[in-house]
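First comes the structure, then the notes that go with it.
The values are calculated or read from the model by the stated rules, or taken from the named source; none is laboratory data. Only a predicted model underlies this, so the values are computations on that prediction, with no experimental measurement involved. So basically every Cβ, Gly included, is an ideal-geometry build from the backbone, and we count neighbours across all protein chains shown.
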Amino acid sequence: MPVKRPQFVNGEIYHIIIRGIAGQKTFLEERDYLRYLISLYKFNDEEITLHLFPGFLYREAIPTKIIVEPPKLDKTREPLVEILGFCLMLNHIHLLVRQIIDKGISLFIQKMGGYSSYFNKKYQRFGALFQRPFKAIHIKTEDQLLILITYIHLNPIDLIEPNWKIEGISNPQKVMEFLESYPWSSYPYYLGKENFSWLIDSDFLKKILKSPEDFRNFVEARIFYKTEFKNFLEKAQKFSLE
């Protein structure tokens, strides 16, 4: 069944899901995650095209730890989208973005194909890395926005409790600690930590999430209390189909 995508409208927010083709892992080591996040920053530019960055794709040195300063650029960017949130998993990617210019999201995802070139060259593979087309969910209400940004940030639970969506969470405290320390997500940033702060356009979303403590309490309630957890999952699944 073909994936239906909404028409992208300037100023509107979308939950983007990009999956590795046939379950292909898209990140095999820490440097791959870093490469993708730096790509999110560098390629989010109206004028930059992939051929201008051959060194970036293959040879540019990549830090081996979380970076708190933005990557250096030769010019001021003209962004295609605002990145409001992200979560990178082994074989798929969640992005929360707001389109700034016409066709901004489509062009941005197209430019991010540069990561596929990097990955294939590094690991000596050929062919597509990501499924096409990518999935996009138009976020229409504040309730939907709050639920989906929470759901995006809960994805790493799969790594320590694979059946949490069916069986519930067996160790809530361990899960909370794991989520707050998971580096490849914007969740630590929204809790007040320096975690790729240069990548996130947070002003709009912070009005919804309020303080870091308010957001932490909201997430904690969905993890610790079975009724809240059940209602949250039902809403997340409903909103993901809209």
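Considering every residue within region 131-142, establish whether at least one is over 19 Å from Gln24 (Cβ atoms) and either touching a Gly at 6+ places or on another chain (Cβ under 8 Å) or free of Cβ contacts under 8 Å to residues at least 60 places away in the same chain (or both).
Yes: region 131-142 contains one or more residues that are over 19 Å from Gln24 (Cβ atoms) and either touching a Gly at 6+ places or on another chain (Cβ under 8 Å) or free of Cβ contacts under 8 Å to residues at least 60 places away in the same chain (or both).
Residues Ala236, Ala221: which one is closer than 17 Å to Phe86 by Cα and modelled with pLDDT of 90 or more?
Testing whether each residue is closer than 17 Å to Phe86 by Cα and modelled with pLDDT of 90 or more leaves just Ala236.
Pick from region 206-242 the residues that are loosely packed, with under 13 Cβ neighbours inside 10 Å and among the basic types (Lys, Arg): which of them is farthest from Ile13 (Cα to Cα)?
Lys226
When the residues of region 50-92 are filtered to those that are touching a Phe, Trp or Tyr at 6+ places or on another chain (Cβ under 9 Å) and loosely packed, with under 14 Cβ neighbours inside 10 Å, which remaining residue is modelled with the lowest pLDDT?
Per the stated criteria, the residue is Tyr58.
Restricting the search to region 26-44, which residues are closer than 17 Å to Trp198 by Cβ and in contact (Cβ under 8 Å) with a residue 40 or more places away in the chain?
Residues satisfying the conditions are Tyr33, Arg35, Tyr36, Leu37, Ser39, Leu40, Tyr41, Phe43, Asn44.
With respect to Lys226, is the statement that it is touching a Gly at 6+ places or on another chain (Cβ under 7 Å), more than 30 Å from Glu29 (Cβ to Cβ) and at pLDDT below 90 true?
Considered against the rule, which asks whether it is touching a Gly at 6+ places or on another chain (Cβ under 7 Å), more than 30 Å from Glu29 (Cβ to Cβ) and at pLDDT below 90, Lys226 comes out as yes.
Just checking, how many residues over region 161-179 are assigned to a helix (DSSP H, G or I) and surrounded by 15 or more Cβ atoms within 10 Å (Cβ to Cβ)?
7
I want to confirm something. Restricting to region 194-217 and keeping residues that are assigned to a helix (DSSP H, G or I), closer than 22 Å to Val175 by Cβ and in contact with a helix residue (DSSP H, G or I) (Cβ under 7 Å, 6 or more places away or on another chain), which single residue is modelled with the lowest pLDDT? Steps first, please.
Of all residues in region 194-217, those assigned to a helix (DSSP H, G or I) come to 197-199, 203-209, 212-217.
Those still in the list that are closer than 22 Å to Val175 by Cβ too: 209, 212-217.
Going one step further and asking which of them are in contact with a helix residue (DSSP H, G or I) (Cβ under 7 Å, 6 or more places away or on another chain), we end up with 209, 212, 215.
Working: Leu209: 86, Pro212: 91, Phe215: 92.
The residue in question is Leu209.
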